[in-house]
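The values are calculated or read from the model by the stated rules, or taken from the named source; none is laboratory data. Please read all numbers here as calculations on a predicted model, not as lab measurements. Heads up, the Cβs are rebuilt from the backbone with ideal geometry, glycines too, and the neighbour counts pull from every protein chain shown.
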Amino acid sequence: MSNFAMLFRGFSVVFTFQNIAVCLLGAILGLIVGAMPGIGSLAGVALLLPLTYKFNPTTAIILLGSLYYSNMYGGSFSAILLNIPGDSPAVMTMLDGYPMAKKKKRPGQALFTANLASFVGGTIGMIILTFLGPGLANVGLHFGPQDMTALLLVAMTSIGWLVGKNPTQGVILTMLGILLACIGMDPQTGAPRYNFGNMYLMGGIPFVPFVIGTVGFSQVLRLMSERNDKVDEDKMVKQKLTIRGSMLTGHDVKRLLPPAIRSGVLGTFVGVLPGAGATTGAFLGYAMNKAFKSEEPFGTGAIEGIASCEAANNAAAAGAFAPLLALGIPGSGTGAVLLGGLMMWGLNPGPLLFTNNPDFAWGLIASLFLANLLTLMISIGVIPFLIKILTVPVKVIIPVVLVICMVGSYANTYSMYGVVVMIIAGLVSYICEKSGYSTAPMLLSFVLAPLLENNMRKAFITSQGSVGIFFTSPISCAFMVILFAIVLTPIIRGIIASSKKKKEA
């Protein structure tokens, strides 16, 4: 049977009362979990796993799969409205989502853009998963450590040029993020580094408290310093909080679709790569689309910016199921929990899963289509309630956001260490922002640095320290050419500009 026929068979499995009900439950829980900083899809899926013991395997994986997928929608809610990303992929959404909601006074349209782009990107990812899933999984296996290293080097090098007005400042904060990510135990040898004899730092700086402090607590400090300014608050209260008022215009949709489609294709491929994840997908989607023409500059509240990262991270979430089902290789911590669930139910992921358990495999894929549609409907329906957050007075917002920051940081580490990290990160971020430095490059490099280090160390171990390994594979060689182009282009431009000035003089 063709993949198309098998997909319809999967829909026949999904369209039972029990499976539709658990898919709806997973969509709702995923939105809630995604919108709450400090929890994330990993904790949500892990907490729900014991509740699925009494379900049949197909119903259980539909519940967990829909929760994991809809979590990508929910992360954008707090990123757009409070400037606090619900999960790591939403760090990119925050760059344009919050300015669009706050400065441009279009919170409803910002949320609608994120939801629609998520739907488009997810749909593209699912279509590719349906027809090319096993093939893409095999392609992903061809990405060795040297290929992933070259890809991540391109990403890390381009951060300074992508975020912020001053590339030099971007490079400085990128290096700071890498340095902070190196604190803790060496992943290869287990030796402590940069911990200054502190036992807490041996575990490294936890990401969730760090990101909550950098963008959440610093936001509290900024609101406190500007608490006497009531102009923005008064304007926000007068806004119409309706679904109709949040709808995008035809022109907005035309702006949204091209970057969403491009990011959907790219994000699916990134999701297939082992260990890459939705965060890398969101960053690369944003980076790629910034190279294309947009009506407004990225980082100022551009619809294209929101669409590019939201479509990419949802497509990556869909693409991550390809190696999980076809090869039994999880691409993230959440994927590892889902893999454990499959084995617990007596199923062996791999090429034979589609042959031996077609109802299970195709039922899961079909449920992702359903979860995508249900999550879109729910997320649009709650927009009027969500954007009422922006009408709350600043004197109420400050303690509420502060409590969210503290609870989210404590919930992630189960100790006051997370809260301390959050407070220090917030203070540093506030000082940087006041000095004109954007902290986004530091956040992005902090996320990508562990993955870069792990792959780079593996590549050098394989080649016994030879740099030539990065030029032996066509994939890594292509990325190295792009890397050199990124680094050399500004230098060449500077030389050309200076020579022109000398000639004119």
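Evaluating S308 against the criteria (1) in a loop (DSSP other than H, G, I, E, B); (2) among the hydroxyl-bearing types (S, T, Y); (3) at pLDDT 85 or above leaves one unmet condition, (1).
Among the residues of the stretch 427-478, the one identified as in contact with a Phe, Trp or Tyr (Cβ under 6 Å, 6 or more places away or on another chain) and surrounded by fewer than 20 Cβ atoms within 10 Å (Cβ to Cβ) is C477.
So is T189 surrounded by 18 or more Cβ atoms within 10 Å (Cβ to Cβ) and under 22 Å from L451 (Cβ atoms) or not? Judged against the criteria, T189 is not a match.
Restricting attention to the stretch 146-183, the residues being at positive phi and at pLDDT 85 or above number 0. Remark: pairs (first residue in the stretch 454-478, under 11 Å from T149 (Cβ atoms); second residue not in a helix (DSSP H, G or I) and not aliphatic (A, V, I, L, M); Cβ separation under 6 Å; 6+ apart in sequence or on different chains) = N454/P187; R457/Q188. Considered as a group, the residues in the stretch 311-326 that are within 17 Å of the chain's Cα centre (by Cα), hydrophobic (A, V, I, L, M, F, W, C) and part of a helix (DSSP H, G or I) include one that is surrounded by the fewest Cβ atoms within 10 Å (Cβ to Cβ), and that residue is F321.
Contact map, the stretch 195-206: residues that are under 17 Å from A425 (Cβ atoms) and loosely packed, with under 14 Cβ neighbours inside 10 Å paired with residues that are hydroxyl-bearing (S, T, Y) and at pLDDT below 85, Cβ distance under 8 Å, separation 6+ or inter-chain. No pairs are found. Selection of the stretch 66-90 for residues being surrounded by fewer than 24 Cβ atoms within 10 Å (Cβ to Cβ) and either modelled with pLDDT under 80 or not hydrophobic (A, V, I, L, M, F, W, C) (or both) yields N83, S88.
Checking the stated criteria, M236 turns out not to satisfy the condition of being modelled with pLDDT of 80 or more and either closer than 23 Å to T413 by Cα or assigned to a helix (DSSP H, G or I) (or both).
Contact annotation: no residue pair with Cβ atoms under 9 Å, 6 or more positions apart or on different chains, pairs a residue in the stretch 489-505 that is part of a helix (DSSP H, G or I) and among the hydrophobic types (A, V, I, L, M, F, W, C) with a partner that is surrounded by fewer than 10 Cβ atoms within 10 Å (Cβ to Cβ) and at pLDDT 80 or above. Restricting the stretch 398-416 to residues that are modelled with pLDDT under 80 and crowded, with 19+ Cβ neighbours inside 10 Å leaves a set whose member that is farthest from F210 (Cα to Cα) is V401.
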